[in-house]
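Structure record follows, encoded as structure tokens.
The values are calculated or read from the model by the stated rules, or taken from the named source; none is laboratory data. Since we're looking at a predicted model, the values are computed, not measured. Glycine also receives a Cβ, built like all others from the backbone with ideal geometry; neighbour counts cover every protein chain displayed.
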Amino acid sequence: MRVLLIALSLIFFIGILSGCAQSQEKEIIVGSMDYTEQQILSEMLVMLIEAHTDLKVTHIENMVAYFVFAAMETGVVDIFVEYTGTVYGDVFNLSATNDPVEVYNTSVSLLEERYDIRMLSKLGFNNSYGLAVRRDTAERYGLRTYSDLAEVSSNLIFNYGAVFMSRNDGLYNLKALYDMSFKEEIIRTDSNRFTALMNDEVQVAEIFTTDGFLIEYDVVVLEDDKNFFPPYHGAIVVRNEILDKHPELLDVLNLLVGKLPDEVMRNLNYRVDVNNESPREVAESFLKDNDLI
């Protein structure tokens, strides 16, 4: 599967590579996945690099999650924000653990060893997967944990994102651990999942714990009582080849380290998803408010 994804990424980005090869201005390529948090964070990276160096930046936006790491493997992308649990559980297919130190340290060492990629210190937030239900659903069935949910799952419709279906730390292994069997399973995007949940079209939704919609809607995020999901701390990853060529980048990228705890990231996402501000506006205001640009 990973070989196929790498091949697809090469085909998908061949035009970009050709254009960059012809441009003397191309220096750094920042990538991002196709959802709000990634859009905000990638805009921060672009603005920080442009403000603090004389490097030119190409920004490849809205990439499917699997493509971004494959693109970095093949040298199409130089820098992006990754998640520790994704590296640990999905890239390296390791068994889930709830120890954030083990997940981070293992991810750092394996990325260096196998891909010559450096993972910097954590940005501050842990954007874990979660399962959410409406408050009245939680009260009706007495739901507090995933184990509680498993007991009544055959009565409920589950809504999740397409990527969640194919991950090692995703749908099938989650259902196997908790012995869940839903009445129906539906794939929808993030915002539509919350709308469907609040309209009772579905009764359970896969969410991210830094979702801005969690501020907007009164939902109950259930407890992962068997610790299926590892921690997913956000951290910048960058190819060592790029740091060797441009060592000044390290200090610039480290400006974001520790600056984005859960509540801050959730509120930034809220401003885009609910208040309809642009990711660039939100990123720029955060950087200016924190005297980073």
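Brief remarks follow.
- Residue that is nearest to F213 (Cα to Cα) [pool: residues in segment 270-289 that are among the aliphatic types (A, V, I, L, M) and outside any loop (DSSP other than H, G, I, E, B)]: V272
- Cβ-Cβ distances below 6 Å connect the following pairs, each with a first residue in segment 207-219 that is under 12 Å from M265 (Cα atoms), a second residue that is hydroxyl-bearing (S, T, Y) and not in a loop (DSSP other than H, G, I, E, B), and a separation of six or more residues or different chains: G212/Y270; I215/Y270.
- Within segment 210-219, restricting attention to residues that are in contact with a Lys or Arg (Cβ under 8 Å, 6 or more places away or on another chain) and crowded, with 18+ Cβ neighbours inside 10 Å, the residue that is nearest to Y178 (Cα to Cα) is V219.
- Screening T84 with (1) β-branched (V, I, T); (2) more than 13 Å from the chain's Cα centre (by Cα); (3) farther than 15 Å from I28 by Cα gives one miss only, at (2).
- The single residue among L177, L222, L255 that is out of contact with any Pro (no Cβ under 8 Å at 6 or more places or on another chain), surrounded by 14 or more Cβ atoms within 10 Å (Cβ to Cβ), under 30 Å from T53 (Cα atoms) and not β-branched (V, I, T) turns out to be L255.
- Screening segment 134-193 for residues that are hydroxyl-bearing (S, T, Y) and part of a strand (DSSP E or B) and picking the one that is nearest to Y217 (Cα to Cα) gives Y160.
- Condition met for L255 (outside the structural domain of Y104 (by TED's automatic domain parsing) and in a helix (DSSP H, G or I)): no
- Here V103 fulfils each of the conditions (1) within 14 Å of F229 (Cβ to Cβ); (2) of a type in the set (A, V, I, L, M); (3) outside the structural domain of V76 (by TED's automatic domain parsing) apart from (3).
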